[in-house]
1. Tally time: how many residues in region 18-38 are touching a residue at least 24 places away in the same chain (Cβ under 8 Å) and of a type in the set (A, V, I, L, M, F, W, C)?
2. Which condition from (1) in contact with a Phe, Trp or Tyr (Cβ under 8 Å, 6 or more places away or on another chain); (2) modelled with pLDDT of 85 or more; (3) not aliphatic (A, V, I, L, M) is the one that G106 breaks?
3. Can you tell me which condition A97 does not meet? The list is (1) within 19 Å of V26 (Cβ to Cβ); (2) modelled with pLDDT of 90 or more; (3) assigned to a helix (DSSP H, G or I), and all the others hold.
Amino acid sequence: MSLKIKPSVEACSLAPVAAGTALVLVTYVTPMATLTATVAGLRAGVAAGPWLLNSMSIGLAAGLLAAGVVGDNVGRRRVYVTGLVAMALGAVACGVAWSAVGFVAGRVLGSGRCGRTGLRSGDSRS
């Protein structure tokens, strides 16, 4: 007797959501460990340090406010994928930034979409 268990929609959507959440957390926490080197690499002053750390919080707060409404209107999967792509583009912008202003702009831009990585399990809209 064999048991044929088909994965449910919830099980299939768990892996990408977990990976997206882990990616957001790594992106959020990394500058805390590399702040001194980042400030030195950008040739920024001491006052730029708090901006480099807190810029993601600003974008994340703004993204969370809009994520629910946008997800309800256009579909949570689209919002999720768009959020991950925008976060990757923000990370690239931070990677090529030559000044603290460019780095902060990349963090705000990328993190504004991090708030949109909330995919409700079983949502069939795309």
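1. Selection size over region 18-38: 2.
2. (1)
3. Failed condition: (3).
This table checks each residue for (1) surrounded by 16 or more Cβ atoms within 10 Å (Cβ to Cβ); (2) touching a residue at least 24 places away in the same chain (Cβ under 8 Å); (3) touching a Cys at 6+ places or on another chain (Cβ under 6 Å); (4) on the phi > 0 side of the Ramachandran plot.
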site: N54; (1), (2), (3), (4): no, no, no, no
site: D72; (1), (2), (3), (4): no, no, no, no
site: R76; (1), (2), (3), (4): yes, yes, no, no
site: C94; (1), (2), (3), (4): yes, no, no, no
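The values are calculated or read from the model by the stated rules, or taken from the named source; none is laboratory data. Everything quoted here is computed from the prediction, not taken from an experiment. As a convention, Cβ positions derive from the backbone with ideal geometry for all residues, glycine included, and neighbour counts pool all protein chains shown.
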